[in-house]
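This report concerns only the one structure given below.
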Amino acid sequence: MDPIDRRRFIASAAGTAALSALDLAQAAEPAQAAASAGPILLATWPHGKPANEKAAEVMAAGGSLLDAVEKGINVVEDDPKIQSVGYGGLPNVDGEVELDAGIMSGTTHRIGAVVNLHQIKNPISVARKVMEKTRHSTMAGEGALRFALAEGFTPMQLLTPQSLQAWLDWKNDPHHVTYWLDAEHHDTIGMIANDGRGHLVAGCSTSGIAWKIPGRVADSPLVGSGYYADDHAGAASATGDGDAMQCYVTSFQIVMLMAQGRTPQQACEECLRYMATTSPATRTIQACVIAMNPRGDVGAASMNAKYPLQYALWRNGKSEILDAKPVL
Ligand code: GLY
């Protein structure tokens, strides 16, 4: 074969692809967070604040990033007052709570996820077991439950008196919304942790949309949609109307925009604007995203001001709730 010179190689399609991969790996080496003496924790919604604080505590005690995200999310899953995640989450149309969660290490590129899990209040912990104890990545339904039981998780009734009453009220309302037609009640906990040395973990946990059709799975447990992490580029998580957002693989899209040089804020806004441009119906939905790069810079945005996003940030010992920017 002819020797190929650098210029001809770069001009070739194969060269372009190879260089893109190379550039990506070289240009975005995991970078130590510039202005941080330790971990940086980012989470969706005000309930992300106690999650971040727990995660900070776990890391201060020597826990790993995976421990931090798992235990942080557990705080929200365990809280019966939060009706969109874990114990006390609003049920499906049949009155059964179905939980979804996923977790990803940006260092190993491994994920663990569970979808449509019943009776176990901490799906993020089961998801982590899938990642660490099996060769699988995502487990669903009955198999996921059997796996969780085999791993020692305790089955329980996930309805609280309040969530049962909310379901009864909905069921007895002759004008109630059904998801064959319409949608309401979106929420989740999405979380990103950076150890201050450029290593990233992202996770997401939800009970999904209230009164959903049994078996419905939205963005939260789907890798690339609800969460994504890559130490070379950044991490992202999404919350909102997961039926619409999963069609845009939002978290992966945001991470790839960061890989191309966008800041986390630019990447979040560009992703939502792309959705609004290519599918005008998404302009009025609840769509919210958060992102962090290996340096620890963060971004957050909501599609519109009608459904604003508040998010929680923990950095240098300071724990706060902030308002994200609406893009429309
Ligand atoms: N984003 C959560 C859900 O739609 O289920």
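Among what's in the stretch 94-119 and is part of a strand (DSSP E or B) and polar (S, T, N, Q), pick the residue that is surrounded by the fewest Cβ atoms within 10 Å (Cβ to Cβ). Here the residue is ASN116.
For GLY190, state whether it is modelled with pLDDT of 95 or more, within 16 Å of the ligand (Cβ to nearest atom) and assigned to a strand (DSSP E or B). Judged against the criteria, GLY190 is a match. Is there any pair with a first residue in the stretch 201-226 that is within 16 Å of LEU117 (Cβ to Cβ) and touching a residue at least 60 places away in the same chain (Cβ under 8 Å) and a second that is near the ligand (Cβ under 9 Å from one of its atoms) and aliphatic (A, V, I, L, M) whose Cβ atoms are under 7 Å apart and which are 6 or more apart or on different chains, and what are they? Within 7 Å, the pairs are GLY208/ALA218; ALA218/ILE209; GLY226/ALA238.
Residues in the stretch 196-221 that are more than 15 Å from VAL298 (Cα to Cα), more than 10 Å from the ligand (Cβ to nearest atom) and among the aliphatic types (A, V, I, L, M): 1 in all.
From the list ASP100, ASP67, the one residue that fits, being touching a helix residue (DSSP H, G or I) at 6+ places or on another chain (Cβ under 6 Å), on the phi < 0 side of the Ramachandran plot and among the acidic types (Asp, Glu), is ASP67. Whether any residue in the stretch 50-59 is within 30 Å of TRP211 (Cα to Cα), in contact with a strand residue (DSSP E or B) (Cβ under 6 Å, 6 or more places away or on another chain) and in contact (Cβ under 8 Å) with a residue 40 or more places away in the chain is what I want to check. Yes - at least one qualifying residue is present in the stretch 50-59.
Identify the residue in the stretch 228-273 that is within 11 Å of the ligand (Cβ to nearest atom), in contact (Cβ under 8 Å) with a residue 40 or more places away in the chain and among the hydroxyl-bearing types (Ser, Thr, Tyr) and, among all such residues, is surrounded by the most Cβ atoms within 10 Å (Cβ to Cβ). Among residues in the stretch 228-273 that are within 11 Å of the ligand (Cβ to nearest atom), in contact (Cβ under 8 Å) with a residue 40 or more places away in the chain and among the hydroxyl-bearing types (Ser, Thr, Tyr), the one surrounded by the most Cβ atoms within 10 Å (Cβ to Cβ) is SER237. Checked against the criterion of being over 25 Å from ILE209 (Cα atoms) and of a type outside the set (Gly, Ala, Ser), the candidates GLN266, GLN310, GLN253 yield just one match: GLN266. Against the test of being within 14 Å of the ligand (Cβ to nearest atom) and either under 17 Å from the mean Cα position of the chain (by Cα) or of a type in the set (Gly, Ala, Ser) (or both), the options GLY106, GLY89, GLY72, GLY63 yield a single qualifying residue, GLY89.
The values are calculated or read from the model by the stated rules, or taken from the named source; none is laboratory data. Please read these numbers as outputs of a predicted model, since none were measured by experiment. When we count neighbours, we look across all protein chains shown, and the Cβ atoms used for this are built from the backbone with ideal geometry, even at glycine.
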